[in-house]
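S.K.: Dropping the structure in here first, questions after.
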Amino acid sequence: MNKVYIGLGSNLNNPVEQLEGALNALSNLPEIKELTFSNFYSSKPVGPQDQPNFVNAVALFSTTLTPIALLDTLQSIEQAHNRIRERHWGPRTLDLDILLFNDETLSLPRLTVPHPHMLERGFVIQPLADITPGMLLSNDKTVEEHLHCLNTTDLVCL
């Protein structure tokens, strides 16, 4: 079984319900076991500010899926939630990103793991700290230690 962390985000069409729906879809997949997830957090958008705040979370689960098969599965869940890609870092009903896949480093045309921006984003690190505060990150700090290096004042636990 592969140990996977994914980031979830939404800022359209009732974001809390979008994240709950995605978690429900994941929990109903036979290839996914031991699903757990963080609290939900509200945060300002990255990129264009002319959009609503996001609701974000992180989920951890075990899966038999390969990285690309998991990416395809996550994108199909996004599509089921009417995900439209109009502009980079724009508003969206649902965004599901693979953050970590085991301890692997992947640089594929469709997928980079660890997620290239995860260490910069409090809306990823704070929820990750809810699940595994002692996990060692690629910068040789634990999640909890790294969290203290980030500005998370704009995060609100929902």
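S.K.: Would you please state which residues of segment 30-55 a label at residue 106 would reach in this model, taking the label point 7 Å out along Cα→Cβ and a backbone N cut-off of under 18 Å?
M.R.: 30-33
S.K.: OK, next. In debye, nearest 20: dipole of segment 37-104 around its Cα centre with unit charges on the Cβ of K, R (+) and D, E (-)?
M.R.: 260 debye
S.K.: Would you mind giving the average projected area, over all directions, of the Cα convex hull of the chain in nm² with one decimal?
M.R.: Mean projected area for the chain: 8.7 nm², to one decimal.
S.K.: Given N residues in segment 55-104, what is Rg(Cα) / (2.2 N^0.38 Å)?
M.R.: In units of the globular-protein estimate, segment 55-104 measures up at 1.23.
S.K.: Determine the share of segment 1-100's accessible area contributed by carbon and sulfur atoms, expressed in whole percent, with a 1.4 angstrom probe.
M.R.: The computed percentage sits at 50.
S.K.: Additional query: Would you work out the charge dipole size for the chain about its Cα centre, treating the Cβ of every Lys and Arg as +1 and the Cβ of every Asp and Glu as -1, and quote it to the nearest 20 debye?
M.R.: Result for the chain is approximately 260 debye, rounded to the nearest 20.
S.K.: Would you check the accessible area of residue 149, probe 1.4 Å, heavy atoms only, in square angstrom rounded to 10?
M.R.: Ignoring ligands and nucleic acids, residue 149 comes out at about 80 Å².
S.K.: Shifting gears a bit: Considering the zone a paramagnetic label at residue 53 would reach in this model (a point 7 Å from Cα along the Cα-to-Cβ line), which residues of segment 1-29 have amide N under 17 Å from it?
M.R.: 9-19
S.K.: Okay, next question. Would you kindly calculate the mean projected area, averaged across all directions, of the convex hull enclosing the Cα atoms of segment 77-131, in square nanometres?
M.R.: Seen from a random direction, the Cα hull of segment 77-131 projects 4.9 nm² on average.
S.K.: Evaluate the charge dipole of segment 111-158 about its Cα centre and quote only its size in Debye, nearest 20, assuming +1 on the Cβ of each Lys and Arg and -1 on the Cβ of each Asp and Glu.
M.R.: Numbers: 2 positive and 6 negative charges, 18 e Å.
That gives a dipole near 80 debye.
S.K.: Projecting each Cα onto the charge dipole of the chain (Lys/Arg +1, Asp/Glu -1 at the beta carbon, about the Cα centre), which of 5, 108, 82 comes out farthest on the positive side?
M.R.: 82
S.K.: Next question. Could you give the length gained by full extension between residue 79 and residue 1, i.e. 0.36 nm per residue of separation minus their alpha carbon distance, to one decimal place? Please list the in-between numbers first.
M.R.: On the way: separation 78, 0.36 × 78 = 28.08 nm, distance 2.59 nm.
This chain segment gains 25.5 nm when fully extended.
S.K.: Where only protein heavy atoms count, and the probe is 1.4 Å, what is the accessible area per residue for the chain in Å²?
M.R.: Heavy-atom SASA per residue in the chain reads 51 Å².
S.K.: While we're here: Determine the calculated [θ] at 222 nm for the chain from helices alone, applying -39500 (n - 2.57) to every DSSP H run no shorter than 4 residues and normalising by the residue count; nearest 500 deg cm²/dmol.
M.R.: For the chain, the value works out to -8000 deg cm²/dmol.
S.K.: Turning to a different aspect of this structure: For residue 17 and residue 72 in the same chain, what is the full-extension length gain: residue separation times 0.36 nm, less their Cα-Cα distance, in nm?
M.R.: Details: separation 55, 0.36 × 55 = 19.80 nm, distance 2.18 nm.
Here the answer is 17.6 nm.
The values are calculated or read from the model by the stated rules, or taken from the named source; none is laboratory data. The structure presented is a predicted model; accordingly, all values stated were derived computationally and were not measured. Counting neighbours? That spans all protein chains shown, and the Cβs are built from the backbone with ideal geometry, glycine included. The protein model used for the area step is the full one, side chains on, heavy atoms only, and it has no ligands, DNA or RNA in it. Shrake-Rupley method; radii C 1.70, N 1.55, O 1.52, S 1.80 Å.
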